[in-house]
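Novice: This is the structure I have questions about; it appears just below.
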Amino acid sequence: MSVAAADAAPVPMLVARNIHKRYGPIEVLKGIDLDVATGRVVSSVNIPLVDVPLRKVLGERLGVPVFVDNDATVAALAEAHDSELRLVAHNLVMLTVGTGVGGGIVLGGRIYRGATGGAGELGHTLVGIDVSGSAGVPAPGAHFPQPGSLEHAAAGHALDRMTAECADSHPDSALGRLKAEGKELLGAEAVEAAQSGDPAARRIVEIWAERVGIGIANAINTFDPEEVVIGGGAARAGDLLLEPARRVALGYVVPGLGRETNIRLAWHGVRAGVLGAALLAAQEFEASAPRNAVNGPGSAGSNAGNRLPAHEEASGS
């Protein structure tokens, strides 16, 4: 009796479930610019992999088909599935809020990559550019994130800035006392102080969360998804982040939209990357199965023609 017959599920999905059950966090390759159509590394920030045909090499050494994508995107795919890896959200947008703001989009149960493979740059959506008056649109900055972007307003670096400002303006607050003691002050300290009930810290965390809510509103107005998920390190703030973000988001959603949208924190945590990579492999293997018999391990699946931007990260499965 075959394995698939025993479980009534495709073999790739069984592999994904086994990864889910047996393994904890797995490192992804950081700072990779990868041509998904060929699987070749275009540039690599942290390790010497430039011009390495990564997918081909891995396919030959592992003896199985290999597929690649960036970790935020595959995390979104994981979040569209429940703890048993059943697809529960066919249309989902994920915001990953950490040092920066990234994202992933799942439409129709599959990753949406756009024309170049770079779709999902939600942190670079513009939420705060001043276009009032007759002065015209401000000239773009020389570097990203742009002033007025969601990442500039709501990433971890933004909360770091707000934390320092709070310590200066409220010397009697928990953050002010930490500064007086010479302690390092970052966003994590603000969240910890807010969770302990410090009013000044709670207020700046609330403002930060409200800014995230603007990004969520944009996602709902654009995609009308079943779910918007907040992941990344920010999710550790829990309801201090979720409740203000949800309140602001729903206030800025066009009437009629958002009625079916669940706004929640990510539930797969640090496993989302490896789970999503396994699910990606399952989808792509099944989609390209007839070609695999001809092309062999390392063949490009339905990802062909998509390329990851230079600042993204690649996950292999």
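Novice: When the Karplus curve 6.51 cos²θ - 1.76 cosθ + 1.60 is applied with θ = phi - 60°, which whole-Hz ³J(HN,Hα) does each residue of segment 110-127 get, with x for Gly and Pro?
Specialist: Whole-Hz 3J(HN,Hα) from phi for segment 110-127: 10, 4, 9, 10, x, 5, 10, x, x, 4, x, 7, 5, x, 9, 5, 8, 10.
Novice: Along each of its three principal axes, how wide is the spread of alpha-carbon positions in segment 177-222, in whole angstrom units, largest first?
Specialist: 46, 19, 11
Novice: Along the principal axes of its C-alpha atoms, what lengths does segment 203-242 span, in descending order and rounded to whole Å?
Specialist: 29, 16, 13
Novice: Let me ask you something else. Just subtract the alpha-carbon distance of GLU243 and ALA142 from 0.36 nm times their residue separation and send over the number in nm, one decimal. Display every interim value, and only then the final one.
Specialist: On the way: separation 101, 0.36 × 101 = 36.36 nm, distance 3.47 nm.
Full extension from GLU243 to ALA142 adds 32.9 nm.
Novice: Here is a further query. Can you sort PHE285, PHE144, PHE67, PHE223 from fewest to most other Cβ atoms within 10 Å of each residue's own Cβ?
Specialist: PHE144, PHE223, PHE285, PHE67
Novice: Right, next: Among MET94, MET162, which comes first, then next, by fewest other beta-carbon atoms within 10 Å?
Specialist: MET162, MET94
Novice: Same structure again: If each residue of separation counts as 0.36 nm, what is the full-extension length gain between THR222 and VAL42 once their alpha-carbon separation is subtracted?
Specialist: 61.6 nm
Novice: List the residues whose amide H sits under 5 Å from the amide H of LEU265, counting only those 5 or more places along or on another chain, with H placed 1.01 Å from N in the peptide plane.
Specialist: Under 5 Å from the amide H of LEU265 lie the amide H atoms of ILE230, each far enough along the sequence or on another chain.
Novice: Something else: Give me a comma-separated list of calculated 3J(HN,Hα) values for segment 68-76, in order, Karplus coefficients 6.51, -1.76, 1.60 applied at θ = phi - 60°, integers in Hz, x for any Gly or Pro.
Specialist: With the stated coefficients, segment 68-76 comes to 9, 6, 7, 5, 5, 5, 6, 4, 4 Hz.
Novice: Moving to a separate point now. Between VAL131 and GLU184, what FRET efficiency follows from the Cβ-Cβ distance if R0 is 41 Å, with the result rounded to 0.05?
Specialist: My answer for the efficiency is 0.65.
We did not get these values from a lab; they are worked out from the coordinates using the rules stated. Being a predicted model, the structure only gives us computed values, none of them experimental. Ideal geometry is used to build each Cβ from the backbone, glycine not excepted, and the neighbour counts take in all protein chains shown.
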